[in-house]
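The values are calculated or read from the model by the stated rules, or taken from the named source; none is laboratory data. All figures in this text were calculated on a predicted structure; none of them were measured in a lab. Backbone-built Cβ (ideal geometry, glycine too); neighbour counts: all protein chains shown.
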Amino acid sequence: VSLELSRYPLNTWYVIASSNEVRAALGSCNVLDRKIALYRKRNGEIAALDDRCSHRAMSLTLGSVVDDAVVCAYHGFTFGSDGRCLRVPSQENVPYGADVRSYRVFEDGPFVWLWPGERAQAEQLRPPKLPWLQQPGWTTFGGVDVVAANYLLLHENALDRAHFPFVHSDTSHAGYLTQPPPLQVEVTETTVSYARSFPPGPLTTWQAAATGLAMNGHYVQRERGEFVSPGLHIDVMEIEAPVGSVTAPLHEDNFRTVFVRGFTPLREDSTLVTWRVARNYALEDRSVTQGLRFIHETSMAEDKPFLEDIQANRSAGDDRIDIDAAADSAALRAQQIVARMLLEERGSFRPRPKSRQQQVRKASPVAR
Ligand code: FES
Ligand SMILES: [Fe+2]
């Protein structure tokens with residue numbers, strides 16, 4: 001990631017909170033280099049305002065919500081959920097320019113998304129669909145984490161399977177450790193995905209425990225993953241169920257585990273990771289949830305010191321050019337997409353008409 005790219009696009013959706021975190025009372029959210037005040041209106045919709053009063057720089061989150069409007073604690077300037085200043089208690093009329101900025105927010109399943117860029121652009125566009133997190137036939141769990149590294153380092157790490165035998169050797173299945181098949185990388189104007197199929201091989205202990213499949217059997221495994229947008233990466237791991245398998249999922253042929261990660265820059269050098277794991281098997285089995293949680297938390301904890309170390313070296317001013325390997329191709333394509341988005345935002349690039357396709361509300365290709 002070059003220093004040029006350490007900035008992040010604003011005209012895209014980012015996950016800023018989990019749905020159940022946003023209540024009727026004001027809550028503060030520090031993401032995307034800004035302070036945002038969040039609250040839930042009486043009709044259930046979420047409002048997001050800059051957390052700074054237009055009168056003096058008082059945090060609006062220290063005030064209160066009255067009739068869906070925010071009342072500043074200091075002198076009572078009152079703001080509607082669209083940011084308009086409705087009232088200044090000490091005078092008859094509202095001074096010019098007293099509005100605060102409001103943001104477009106979209107709540108979908110467990111995630112609250114925010115569009116930090118131009119509001120007009122956000123009107124027609126929706127965050128990517130995440131059907132596994134809401135549909136029947138799937139069980140989910142998840143969490144949040146903060147990594148002291150630029151968000152593109154997280155994307156790069158997610159698209160990079162070459163570090164598995166080094167960083168995740170204890171939890172990677174045998175397919176990774178001996179000659180793994182090369183990744184098929186597919187690129188659209190706004191997305192990058194990788195996919196590969198491992199020849200039949202044994203499962204690791206945790207995979208056998210989660211699926212109920214025999215340790216000594218041989219199974220075809222597939223993995224796919226996608227850079228969906230600067231704010232989202234999705235991985236799908238699949239184990240082909242043997243014919244007549246008793247533990248096979250009811251409505252699907254295979255055991256699928258979907259790992260969804262929202263990457264939201266907090267600042268240039270730190271990233272909020274909002275993650276969910278969904279599976280279509282052992283839906284009611286809490287010990288499977290615990291086992292999978294342990295595996296996913298472990299792998300994220302294994303990556304974290306690497307990402308933070310790289311960031312620390314870069315932040316120390318060591319921005320020598322990286323030498324790329326063939327295995328970096330997916331990550332490099334993702335960087336190109338981001339570079340293009342940043343150029344568009346700077347106005348020095350005329351987008352082709354289709355260039356915003358990824359924002360259109362459609363199931364991600366990995367779902368198919
Ligand atoms: S600082 Fe908010 S009303 Fe004065
Ligand atoms: Fe990793």
- Item | Options Leu10, Leu49; residue that is in contact with a Gly (Cβ under 6 Å, 6 or more places away or on another chain), modelled with pLDDT of 95 or more and not in a strand (DSSP E or B) | Leu10
- Query: Looking at the range 38-51, is at least one residue within 16 Å of ligand 1 (Cβ to nearest atom), of a type outside the set (Asp, Glu) and more than 26 Å from Ala148 (Cβ to Cβ)?
  - Reply: yes
- For the range 77-89, which residues satisfy the criterion of being within 9 Å of ligand 1 (Cβ to nearest atom) and surrounded by fewer than 16 Cβ atoms within 10 Å (Cβ to Cβ)? Pro89
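Here is a check on your reading of the model: is Arg161 within 17 Å of Val277 (Cβ to Cβ) and among the basic types (Lys, Arg)?
no
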- Query: So which residues in the range 13-28 are assigned to a strand (DSSP E or B) and more than 14 Å from Val70 (Cβ to Cβ)?
  - Reply: Tyr14, Val15, Ile16, Ala17, Ser18
- Which one of Ala48, Ala25, Ala57, Ala98 is over 27 Å from Ile234 (Cα atoms) and surrounded by 15 or more Cβ atoms within 10 Å (Cβ to Cβ)? Ala98
